[in-house]
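Structure first, then comments.
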Number of protein chains: 2
Amino acid sequence: MNEWNRLSAAEAARRIARRELTAEALMRSCLEHIAAREPAVLAFAHLDPDAALAQARALDAGPLRGLLHGLPLGVKDIFDTADQPTAYGSPIYAGHRPAADAAPVALARAAGAVIAGKTVTTEFANMTAGATRNPLNPAHSPGGSSSGSAAAVADFMLPLALGTQTAGSIIRPAACCGVVGFKPSFGRVPRAGVKPNAESMDVVGGFGRTVEDAALLAAVLLDDRRVLDEAPPDTLRLGLVQGPDWAQAEHDVRTCWDQAVGALAPKLARCEDAPLPADFADVAAVQAALQAHETARSLAHEYRVHAQRLSPALRALLEAGAAIDARQVELHRARAERWRRETEALFERYDVLLAPSAVDEAPEGLPFTGDPIFCRPWSLLGLPCVHLPFARAASGLPVGLQLVGRQGEDHRVLAAARRAMDWLA
Amino acid sequence: MNEWNRLSAAEAARRIARRELTAEALMRSCLEHIAAREPAVLAFAHLDPDAALAQARALDAGPLRGLLHGLPLGVKDIFDTADQPTAYGSPIYAGHRPAADAAPVALARAAGAVIAGKTVTTEFANMTAGATRNPLNPAHSPGGSSSGSAAAVADFMLPLALGTQTAGSIIRPAACCGVVGFKPSFGRVPRAGVKPNAESMDVVGGFGRTVEDAALLAAVLLDDRRVLDEAPPDTLRLGLVQGPDWAQAEHDVRTCWDQAVGALAPKLARCEDAPLPADFADVAAVQAALQAHETARSLAHEYRVHAQRLSPALRALLEAGAAIDARQVELHRARAERWRRETEALFERYDVLLAPSAVDEAPEGLPFTGDPIFCRPWSLLGLPCVHLPFARAASGLPVGLQLVGRQGEDHRVLAAARRAMDWLA
C-alpha cells in the first residue's frame, strides 16, 4: 500500500509538479488514512470524499495553478466555504451554507489546493471544545481552538491545514499535537469570510509537519515570495523570553527549554535573556480583557438572538467582555500600543525570540483544550510565531517552544525556524 | 400632515422614551416620505415597509431597549442583515440572504433601532456607482460609497443611517449631501458581517442631520457613554491642515475654508497651521496603494470565481492591487506606522484638526461619486473624523469641512464638532 499521505507537502508538491504523482492519488491516499483513523481522532466537521476527489481530478486535468497544486488542505470550520457547510463550531450554524469562500480559502484554491474538508474548531474558536482527540493519545486534548487542523496534520490525514489564532489557537494545538504551527504577523493575511473574534488580534495561519511545509502555505497566504527565497541563516541572535508567567511552566516544558537552550547556544551569535517592558507582567491580563471585550462585540448577533444556544462558558465570557468600561478598554489599548513599540526595539538586538508555547503537554481529558497564557503576549503584540515541535515529554506526548519574529518579518522567522529545527534535531 | 420624519433623531428618541410618539408613527411618517421621494432619489437597495412597521410595533409593545429605541435606521447594503437581502452593491450577490446580522446591526437592534431598509452602496463599497441621486439636485452624485445612507438622511427619509469608510466613503457622501458624517477611530466598532475591503482601514460609522444625532448612533456603535456625556468645549486648540493635496481644492471649498477659519478664529485658544510629517506629500498615494492591495486580497473569492461580473474598474483595481510586491507593501505599512506616531504627537498641541472633506461640491453626473483624496490621510491614520455641513456652494449644493480627532478620542471630536457647528451657524 502506498503512503503518499506521509509525504511532506513540499515533496508531494514537487512530485505533482513533475507529474510523477497525481493530485487524485494523493487525495485518495489521505482519504484512505482518514477512513481508518477518523473514528478515533474525529478531526473533521465535514468531509465529502467524492467531492475532494473531484477537485483533485479537475486539478490533474489542468495546468499547474500554483504553489499548492494538488495538495489536500484542511480548513478550520471557522472559515466560510462555498462548497461545504460551515458551522463555526456552534449548533447555531449547523448546516449553514455560506455564499462565498473566505479569502484565505480562495487564495489557497487559486494556488491549486484541494479543499479536502472542514476541520473541527472549538465553539466560535473560543474555549468550549469540539470532539477531536489528540491523535497521539486519545485520552488527551489536541489543544484548541484549531483542534481538527492540528490533529489532522499530526496524524498524516492531510499535509497542510488552515487555522486561526486570537490567543493561542494555532501555536498551542501545534504544541499539543507535535506539528509546526505558524501564526503570521497581524494584518498580513486577509480575513474576509473568517468568523471574527477579536479583530485587533485575529490572525489566519496554518499547520504543517515541517517548517518547510508551513512556509509553503505561508507563502500563499502572505503572497510573499520571500518566504520561499529566504535562506536559513548560518547563525542567529536569539533573545530568550520565558516571560512573566514562566512560573506556570510544568516540568516537561522546563526540561525542553533547558534542552533547547543547551543545543542552540553553541550555534548562536547571541543567546541571552531579552529585557522586557517594565510592566509586562500584566500582558496576559490585558490581552485576555481586550479579547473578551472585542469578542463580545463581534458576536453581538449571536448573543442577542441565540444566547441560549451558546455554551455557558462562552456566554459568561461575552458578558464579562461587554461589562468592561470603554475608558478601561482605551487604557488597555494604550498599554498594548506602548508594548508594541517597546518590543519592536528588541529586534534591533535579536533576530528572533525564543518563548514557551504551552505550559505543559496536551491536557488530559477533552473538555479543557489548555491554557494559552504563553501565547497571549505575542498575539497581543501581533508578532509572527512558529511552533517548533522538537521534543517529547516523559509521557511520550510532544512538547516544544516557539520562535517569535519581528512584525512583518514572517520570512525571517520561518527561515530561522528551519535552521533551529536542524540544530535541535 | 405630521412630519415626524423631520424630527432629529435625538428629539424623536426623547419623545418615544416619554411615550409621546410611537415608533410606528415615526416609521410610518418616514415611509410616507420615502414613498413620495424614493422614485427621484433611489436611496434604497431593499425596503419592506410592512416589515419595518412590524419591527416598530414590536418595539412599541415592549420596554425601552436603549438609546435608539424606535428610531428608523438605514443600513448600507454592505452590512449583513438576517431579515433583509444583502447584495454588497454587486450583481454577484443579488438576492443573497445572510445567516446573521452584522455586529453593528445587532448592536443597533439591541439599542432599539428599527432596521428600516438597506441603502445603496457602490459596488463592494468601491468606486462604481449605484443608482442613488443627490436629493438636493438629481443631476448630481450623492457621493460614495455610502451613497444611499447619506442621501436618505439628507432627504429626511430616515433620521440615521450606517455607513463604512475605507478612503472617504462616509465623509465624502456626507459632504455631497450636506449631512453630518462620523467616521470613528479605527478598530473601535466591530466589523463582523461587514464585507471587508482594506482591513487595516475599514471603519463602521454613520450619518445624522445634526452632530447630536450622529453622536447618538456613535454612542451605541462605540458602546461608550462618554460620547453622550462629554460637554462641548468652551474653546478649542485647532490645528489647520489643508494637507499636501490642497491644490486640488476647488473654488467653493476654498471659500468655505476661509469662511470657517474666519468664523472660528475669534473663538479659539489656538488656530494655526499644524506641522505635518516631512514626507506627508505621499500620504494619499500610500493609502491608495494599501487599499488596492488589501481589497484585492479581501475580494479574492469574487475575483477567482466571478471576475466577469465585477465592473471593469473594480477588476482593474484588484489587478493593480495584487501586483504590488510584498516588499513594497511593507514599506508602505512602515511609513503609515511612522505617520501615525508623528501625527499622534500633534494632539499634544491641538485638540482637533480642521481639514477639507472633498475637493468640490457633489460631482455632476452619477457615474463618478467623487475623489476621496482629502479623506485618504485620516483613513490611513485611523483617526476619528466628523464632517461639518455648514456651507453652500454658489450652486446651492452643500459644502463643508471635517474635524479630525486623536485616535480613541471619538467623544472629544464629536463634542468639538457640536461646538464648532454652533460657532459656524
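All of the numbers you see were taken from the coordinates with simple rules; none came from a lab. Given the structure is predicted, the values throughout are model-derived calculations rather than measurements. Note: ideal-geometry Cβ built from the backbone for every residue, glycine included; neighbour counts use all protein chains shown.
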Region B:274-351: Rg to Rh, with Rh as the Kirkwood radius over Cα pairs: 1.13
How far is B:A58 from itself in the other copies, in nm, if each label sits 7 Å out from Cα along the Cα-Cβ line, shortest first? 3.9
Roughly what % antiparallel, to the nearest 5, for the DSSP beta bridges in chain B? 60 percent
Hand me the trypsin sites (Lys or Arg not before Pro) from region A:193-255 located in a DSSP loop with no more than 15 other Cβ atoms within 10 Å, in residue order please. A:R225
Projected label distance in nm at A:H251 and B:L64, using a 7 Å step from Cα toward the beta-carbon: 6.2 nm
Most fluctuating residue of B:P85, B:P135, B:P72 in a GNM of chain B with Cα springs under 10 Å: which is it? B:P85
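Please report the antiparallel percentage of the DSSP beta bridges confined to the protein assembly as shown, to the nearest 5.
Of all bridge pairs located within the protein assembly as shown, approximately 60 percent are antiparallel.
Quick check on the exposure proxy: order B:H69, B:H251, A:H96 from fewest to most C-beta atoms within 10 angstrom.
Least crowded to most crowded, the residues run B:H251, A:H96, B:H69.
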Can you give me the pair-distance distribution of the protein assembly as shown, C-alpha pairs, 20 Å bins, whole percents? 16, 48, 30, 6, 0
Computed from every Cα-Cα pair in region B:199-309, P(r) in 5 Å bins starting at 0 and rounded to whole percents is 2, 8, 10, 11, 15, 19, 17, 9, 5, 3, 2, 0
Under a point spin-label approximation (7 Å from Cα along Cα-to-Cβ), what is the B:R349-A:R338 distance to one decimal in nm? 2.4 nm
Taking the alpha carbon gyration tensor of chain B, what are the square roots of 5 times its eigenvalues, largest first, to the nearest whole Å? 30, 27, 20
DSSP bridge orientation in region A:4-228 - percent antiparallel, rounded to nearest 5: 60 percent
Let me check against my output: what whole-number percent is the relative contact order of chain B, with C-alpha pairs under 8 Å and at least 6 apart? 18 percent
Here, A:R327 and A:R304, labelled 7 Å along Cα→Cβ, have an inter-label distance in nm of 2.8 nm
Between copies, how close do the B:T235 label points come, placed 7 Å along Cα→Cβ, listed in nm from shortest? 6.2
Potential extension, B:S395-B:D273 segment - 0.36 nm per residue separation minus Cα distance: 41.0 nm
The exposure ranking of A:L160, B:L236, A:L136, fewest beta-carbon neighbours within 10 Å first, is A:L136, B:L236, A:L160
Label points for B:R6 built 7 Å along Cα→Cβ; distances to same position in the other copies, nm, shortest first, come to 8.2
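R0 = 41 Å: FRET efficiency of A:R19 with B:A94, Cβ-based, nearest 0.05? Before the final figure, lay out each step's value.
On the way: r = 41 Å, r/R0 = 1.01.
Rounded to the nearest 0.05, the efficiency is 0.50.
Considering lysine pairs in the protein assembly as shown that are 8 or more places apart or on different chains, how many have Cα atoms under 13 Å apart? It would help to have the intermediate numbers written out before the result.
On the way: A:K76/A:K118; A:K76/A:K195; A:K195/B:K195; B:K76/B:K118; B:K76/B:K195.
Value for the protein assembly as shown: 5.
Within 10 Å of each residue's Cβ, count the other Cβ atoms and sort B:K267, B:K118 from fewest upward. List each step's numbers first, then the result.
On the way: B:K267 16, B:K118 26.
Listed from fewest to most nearby Cβ atoms, that is B:K267, B:K118.
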How crowded by other chains is B:329-337, given as the mean number of beta carbons from other chains within 10 Å of each beta carbon? 3
